[in-house]
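Participant: Before anything else, here's the structure in question.
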Amino acid sequence: MTEAVIELRNVSLTLGHGASSVHVLKGIDLDVARGEAAGIVGPSGSGKSTLLMVLAGLERVDEGTVKIAGETLNGKSEDQIAAFRGRHVGIVFQSFHLIPNMTALENVAVPLELAGHRDPFGVAERELAAVGLKDRVTHYPGELSGGEQQRVAIARALAPEPAILIADEPTGNLDQATGRQIADLLFAKAAERGMTLVLVTHDPSLAARCGRQIAMRSGRIETVEVEAAKVPA
């Protein structure tokens with residue numbers, strides 16, 4: 001049996017306090033295997049992005065157990081979770097989240113520097129070349145197109161060689177053609193490196209490329225649809 005790299009058991013999470021509190025996740029059970037591509041789908045407000053944040057250790061659960069890459073996150077300190085995330089989880093956001101006054105090279109290298117990597121800029125240069133930005137390493141985010149900025153974000157996520165690559169609406173701010181290129185890149189790099197890919201998307205064609213689709217509604221997993229992952233045309 002394939003090893004599970006993500007294991008959630010009876011996970012619940014409420015955000016806010018008092019009358020404004022919202023029960024966002026309700027009794028979530030989920031296993032995702034190493035090397036699997038899983039797409040999380042569902043209407044706005046169903047808990048998709050919050051579930052991703054739980055997987056990344058960016059949200060703490062109220063109940064249940066979160067086990068990622070063999071480590072249980074419950075009970076870890078913020079510093080321990082940050083260090084864990086830096087080693088095991090790469091994150092790609094819809095809005096890129098690049099530092100505007102840093103070059104592409106610096107944006108990719110900084111997390112590696114913070115983690116104490118021996119050659120952060122050498123790794124950053126290789127990763128930028130791997131996503132097709134060899135000639136753009138000295139450019140700032142404002143000098144790059146949306147697609148190029150997302151490539152920088154992908155390079156940053158891949159640089160620590162994480163076990164899990166998480167993507168929250170990675171093509172949401174891009175035109176159709178550029179979005180397809182970014183999707184191709186994400187799936188290709190995850191497959192090349194044997195990473196588990198978990199992505200949230202409203203795009204049915206993108207979700208259909210995953211080996212499994214996990215449908216959420218009102219904070220619960222409704223259905224899990226397994227199918228053969230589709231190879232890019």
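The values are calculated or read from the model by the stated rules, or taken from the named source; none is laboratory data. Source: prediction; values computed, not measured. All Cβ positions, even for glycine, are placed from backbone atoms using ideal geometry, and neighbour counts span all protein chains on display. SASA here: full protein model, heavy atoms, side chains in, ligands and nucleic acids out. Shrake-Rupley method; radii C 1.70, N 1.55, O 1.52, S 1.80 Å.
Participant: Go through the range 31-66 and give me each residue that's open to solvent by 10 Å² or more (accessible area, probe 1.4 Å) and of a type in the set (A, V, I, L, M, F, W, C).
Facilitator: Of everything in the range 31-66, those that are open to solvent by 10 Å² or more (accessible area, probe 1.4 Å) and of a type in the set (A, V, I, L, M, F, W, C) turn out to be 33, 37, 41, 53, 58, 61.
Participant: Please go through the range 158-182 and give me each residue that is acidic (Asp, Glu) and without any contact (Cβ under 8 Å) to a residue 40 or more places away in the chain, ordered by number.
Facilitator: Answer for the range 158-182, where residues must be acidic (Asp, Glu) and without any contact (Cβ under 8 Å) to a residue 40 or more places away in the chain: 161, 175.
Participant: Right, another one. All but one of (1) open to solvent by 20 Å² or more (accessible area, probe 1.4 Å); (2) under 21 Å from residue 185 (Cβ atoms); (3) under 13 Å from the mean Cα position of the chain (by Cα) hold for residue 92, so report the exception by its number.
Facilitator: The single condition residue 92 does not satisfy is (1).
Participant: Can you name the residue in the range 202-233 that is open to solvent by 70 Å² or more (accessible area, probe 1.4 Å) and in a loop (DSSP other than H, G, I, E, B) and, of all such residues, is modelled with the highest pLDDT?
Facilitator: Here the answer is 218.
Participant: Moving on to the next point. Filter the range 161-201 for residues that are out of contact with any helix residue (DSSP H, G or I) (no Cβ under 9 Å at 6 or more places or on another chain) and in a loop (DSSP other than H, G, I, E, B) and give the result.
Facilitator: The answer is 194, and nothing else.
Participant: Of the numbered conditions (1) part of a strand (DSSP E or B); (2) modelled with pLDDT under 95; (3) within 30 Å of residue 205 (Cβ to Cβ), residue 8 fails exactly one; give the number of that condition.
Facilitator: Going through the list (1) part of a strand (DSSP E or B); (2) modelled with pLDDT under 95; (3) within 30 Å of residue 205 (Cβ to Cβ), residue 8 breaks only (2).
Participant: Separate question: Residues of the range 136-147 being surrounded by fewer than 18 Cβ atoms within 10 Å (Cβ to Cβ) and assigned to a helix (DSSP H, G or I), which ones? So that I can check it myself, show each step before the final result.
Facilitator: Taking the range 136-147 first, the residues surrounded by fewer than 18 Cβ atoms within 10 Å (Cβ to Cβ) are 138-140, 142-143, 145-146.
Correct list: 142, 143, 146.
Participant: Looking at (1) assigned to a loop (DSSP other than H, G, I, E, B); (2) over 22 Å from residue 6 (Cβ atoms), which is the one condition that is false for residue 110?
Facilitator: Evaluating residue 110 over (1) assigned to a loop (DSSP other than H, G, I, E, B); (2) over 22 Å from residue 6 (Cβ atoms) leaves (1) as the failure.
Participant: Looking at the range 117-135, can you tell me whether even one residue there is under 18 Å from the mean Cα position of the chain (by Cα), at pLDDT below 95 and part of a helix (DSSP H, G or I)?
Facilitator: Among the residues of the range 117-135, not one is under 18 Å from the mean Cα position of the chain (by Cα), at pLDDT below 95 and part of a helix (DSSP H, G or I), which makes the answer no.
Participant: Still on this structure, please answer the following. Just one of the numbered conditions (1) open to solvent by 70 Å² or more (accessible area, probe 1.4 Å); (2) touching a residue at least 12 places away in the same chain (Cβ under 8 Å) is not true of residue 185; which one?
Facilitator: The one condition residue 185 does not meet is (1).
Participant: Determine which member of the set 79, 29 is more than 18 Å from the chain's Cα centre (by Cα) and not in a strand (DSSP E or B). Walk me through how you get there before you give the answer.
Facilitator: Values: 29 fails: not in a strand (DSSP E or B).
Of the residues listed, the single one that is more than 18 Å from the chain's Cα centre (by Cα) and not in a strand (DSSP E or B) is 79.
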